[in-house]
Every structure is written in structure tokens, then in C-alpha cells.
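In what follows, a structure is listed as C-alpha cells, so that the remarks can point back to it.
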Amino acid sequence: MILDFHLLLKNLVKASLSILLAVLLIFHPFGSSIEAAKPSMSGDFVQDTVSVAHSLKETIALADDDDNRLEAKDEALGLITAYISRYRNRPQVNGTNSFTTMQTALNAMAGHYKTFSNRPLPEKLKDRLNKELSRAEKIVVKEI
């Protein structure tokens, strides 16, 4: 009799835990807020190139002692990654002068931010990046 009671109790605990786990799994996602990632690239190469170049120029122009510099750096790295990921494997785009120029600038900027994360961009690099980003903007408009 004790063995039967023990077996019944064991089955009851297993069933209760299974039901509790199922309820938690069902209702857990509804209790937290879910934010969708904002798509940063439109798919239009010309528009994306111009907007990325403009955004990165604004990041470059920030003062070295600006409080928003670290946040802007993180946003710039995300934008660089999104741009390169979107267009690197597209043969109709990745052979153009505008993409090559953009990629050179983006690699230089991302390389500095990843290697020297706490240091601001040096003036020589800022000048080079501004020139290359401006050149890429002009080239992409002419190519189309």
C-alpha cells in the first residue's frame, strides 16, 4: 500500500511539473516586450551609400570629448557591418568604384574603432575618411 501511494505521488508530481513548465513556456513571451531590429539598409545601393556616408561624416565630426562619442561609435560600427553585409556579395555592386571606395573608408574606420576602442579618430584619419566618403557619394551618383 505504501508503495502504491509513493508511486501515485511520484506520478502526480511529474504531471504537475509538466503542466507548470508548459504554462511557463506558453505565457513567458507575452510577459516581456520584444523589439524588432530596425532595418538599416533600404536595398537601394545609391540611397544607402549616400545615407551611410552622411551618417559616418556626422560621427567623424563629433568632438573628441563629446559624451555621445561612444554611442555614436557603436552605431557607426553597426551601420558599417550592415552596409558591408548587404552589398559585399552582390556582383552588380561590389565591382563598382563607389563600393570599393566606400569599403576602403569603412574598413579604415571600423579597424580603428575595433583596435583602439577608447581612442578618438586621429585628425589624419578623419581627413582621409571625409575625403573617401565624399568621393564615394559623388561616384555613386554619377554611376547611376
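Taking first residues from the range 71-85 that are without any contact (Cβ under 8 Å) to a residue 24 or more places away in the chain and partners that are assigned to a helix (DSSP H, G or I), the Cβ contacts under 6 Å between residues at least 6 apart in sequence or on separate chains come to A72/T59.
Take the conditions (1) loosely packed, with under 14 Cβ neighbours inside 10 Å; (2) of a type in the set (D, E); (3) at pLDDT 95 or above; D66 misses just one of them, which is (3). Restricted to the range 38-63, and to residues there that are closer than 24 Å to D127 by Cβ and of a type in the set (S, T, N, Q), the residue that is surrounded by the most Cβ atoms within 10 Å (Cβ to Cβ) is T49.
Restricting attention to the range 106-136, the residues that are over 20 Å from T81 (Cβ atoms) and surrounded by 14 or more Cβ atoms within 10 Å (Cβ to Cβ) add up to 6. Within the range 82-100, one or more residues are closer than 17 Å to A136 by Cα and touching a Gly at 6+ places or on another chain (Cβ under 9 Å).
The values are calculated or read from the model by the stated rules, or taken from the named source; none is laboratory data. These figures come from a predicted structure and were not determined experimentally. Neighbour counts are summed over all protein chains in view; Cβ atoms, including those assigned to glycine, are modelled from backbone coordinates with ideal geometry.
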